[in-house]
Amino acid sequence: MYRFLLTPRWWGINVFVLLAIPFCVFMGSWQLSRFEARVDDQRTAEAQADSARTETPRPLAEMLPVDKATYGKRVTASGRYGAQLLVPDRELDGRQGFYVLTLLRTDGGRTLPVVRGWLPGAADAAKAPAPPPGEVSVTGALQASETPGDNGVTAQGGLPPGQTGAISTASLINLVDDDLYDAWVTLGTADSGMTAVPASAPSGTGLDLKAFQNLGYTGEWFVFAGFVVFMWFRLLRREIEFARDAELGITEPDAPTSPEAGPPTAETDASTQPAQDADVEASTPVR
């Protein structure tokens, strides 16, 4: 009854199942590991943010370039404020507003973008307080250049003069002629009645939408593996039923009783015609 398993068709089915199940399990395990890695990153970022609040600020030059180890760390820099820009469509505590971004020309000659605070409402240069004059020293959390589309950063273009959609070197070099750091700082204490902007976690870390997508893909791959096993057993059971029906001589209701059977031929019609004529004569009354 199980000899059909040795046919080329079933050899192909079995090879596919043997390859598909380990592949689905591997992909599900990989997606689960990606979710667990993001959970670990979230815990590390939270612990790092807590420790950064109590650590002594360090000079900016010692903390560059920005990476996961230095992201969110408190740094200090000195210089003079220059051009000021607004960053619209930024949400804080459930309210829409804008950042006030001022460029700090440091003593080293390069320029550091500094977010001095957040104000509610539409971006308006008249609402933004002017930066302090003269030599200043700032202390804030170190942040990496933003990427449009991540962490709520808008990719909107065509903004009015004096505004930028993302705080990044790639965006700012088109607006100012300064030699910019590939980083920016958000002040721990905002200036002139503005609200301080909290440091954000690095892009691609934490329990964001991508993390839960990894968790959803994990479930999908394991479901695929179960579906492959279910379909294999279903095909096997169906083939066994066909084999049993063939042994018992059971055929489909609309199938011919033998392979030689077919539609009536002209010769068959001719051989049966005299009998039919005799039946008609016998049934006709005599007058």
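The values are calculated or read from the model by the stated rules, or taken from the named source; none is laboratory data. As the structure is a prediction and not an experimental result, all values here were calculated from the model. As a convention, Cβ positions derive from the backbone with ideal geometry for all residues, glycine included, and neighbour counts pool all protein chains shown. For accessibility, only protein heavy atoms count, side chains too; no ligands or nucleic acids. Shrake-Rupley method; radii C 1.70, N 1.55, O 1.52, S 1.80 Å.
Quick one: how many residues across the range 140-154 are of a type in the set (Asp, Glu) and modelled with pLDDT of 60 or more? Working first, answer last.
Filtering the range 140-154 down to residues of a type in the set (Asp, Glu) leaves 146, 150.
Cutting the leftovers down to modelled with pLDDT of 60 or more gives us 146.
Result for the range 140-154: 1.
Looking across the range 98-110 at every residue that is closer than 12 Å to Gln84 by Cα and under 35 Å from the mean Cα position of the chain (by Cα), the one that is most open to solvent (accessible area, probe 1.4 Å) is identified as Tyr99. Just to be sure, is Glu62 open to solvent by 40 Å² or more (accessible area, probe 1.4 Å), free of Cβ contacts under 8 Å to residues at least 24 places away in the same chain and over 31 Å from the mean Cα position of the chain (by Cα)? In short, yes.
Looking at Asp124, is it acidic (Asp, Glu) and closer than 16 Å to Val197 by Cα? It would help to see each step written out before you state the result.
Numbers: acidic (Asp, Glu): yes; closer than 16 Å to Val197 by Cα: no.
For Asp124, the condition - acidic (Asp, Glu) and closer than 16 Å to Val197 by Cα - is not met.
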